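Taking it in order: structure first as structure tokens, then the write-up.
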Amino acid sequence: MISLDKIELPLIAILRGIKPTEVLEHAKALFEVGFRFIEIPTNSPDWDKSVDILQKHFDNTAFIGAGTVITEAHLDTLISLDAKLMVSPNVNLNILAKSVANNMISCVGALSPTEIIAASQGGANVVKVFPAGTMGLNYCKAVMAIAPKNQQYYCVGGINPANLSDYLKLGFHGAGLGGDLYKPNQSVETTKDKATQFYNAYINYKNENNRN
């Protein structure tokens, strides 16, 4: 399995609402741009079928999994599909521990300092501050100042190509991208175009801030 630290584009594509009949073509477009994290939220149509399709196609070349994992049943389904990515909107330490035990990349949603520290101490690979865009830069700056070091943090919720660098400058390592990347029924061409905009925004940030 590719290492989390080796990911050159630390952006999670959130394909909320996508259908199994279209998921592979959109995912291929994302992969071509450089995306290696693809999340199918559990409130999408037949989400488990979409995860299965992508996992079988990409195997160990990408982190495929589900978002909005809020029950152990969701997690058990992911485990049965050999999925590698578990994304939750909240801190559930039982789900987190089980995902870690099954060698999955755990991306756990947190907002308050209490939740952020609990997710980090619980062993989350990534703590996602959600909804970062709604709370704004000042709030995120405050919580990132007290967040445990040696932990990866992603900003999620309201992140777009124009504000991505503003959040990364606060210390976030990456981001989860929802409606500004994918909306149900959009074309594959639109997905690829939006993905390219995010890719360019991230690369420009790295170049401007001398990040390796």
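The values are calculated or read from the model by the stated rules, or taken from the named source; none is laboratory data. Because the structure is a prediction, the values reported are computed rather than measured. Note that we place each Cβ from the backbone using ideal geometry, even for glycine, and neighbour counts take in every protein chain shown. In case anyone asks, the SASA skips ligands and DNA or RNA and just uses the protein heavy atoms, side chains included. Shrake-Rupley method; radii C 1.70, N 1.55, O 1.52, S 1.80 Å.
General remarks:
- Residues that are free of Cβ contacts under 8 Å to residues at least 40 places away in the same chain, open to solvent by less than 40 Å² (accessible area, probe 1.4 Å) and among the β-branched types (Val, Ile, Thr) do not occur anywhere in the range 177-192.
- Listed by first and then second residue, the pairs with beta-carbon distance under 9 Å, at least 6 apart or on different chains, first residue in the range 161-175 and farther than 10 Å from ALA201 by Cβ, second open to solvent by 30 Å² or more (accessible area, probe 1.4 Å) and outside any helix (DSSP H, G or I), are LYS169/ASN209; PHE172/GLN152; HIS173/GLN152; GLY174/GLN152.
- Filtering ASN60, ASN92, ASN125 for residues that are free of Cβ contacts under 8 Å to residues at least 24 places away in the same chain and under 18 Å from the mean Cα position of the chain (by Cα) leaves a single hit, ASN92.
- Matching residues in the range 144-169 - criterion: being in a loop (DSSP other than H, G, I, E, B) and in contact with a Leu (Cβ under 7 Å, 6 or more places away or on another chain): ILE159
- Counting only residues that are open to solvent by less than 10 Å² (accessible area, probe 1.4 Å), closer than 23 Å to LEU93 by Cα and assigned to a helix (DSSP H, G or I), the range 36-79 holds 2 of them.
- Candidate set from the range 97-117 (those that are β-branched (Val, Ile, Thr) and part of a helix (DSSP H, G or I)); member that is surrounded by the most Cβ atoms within 10 Å (Cβ to Cβ): ILE116
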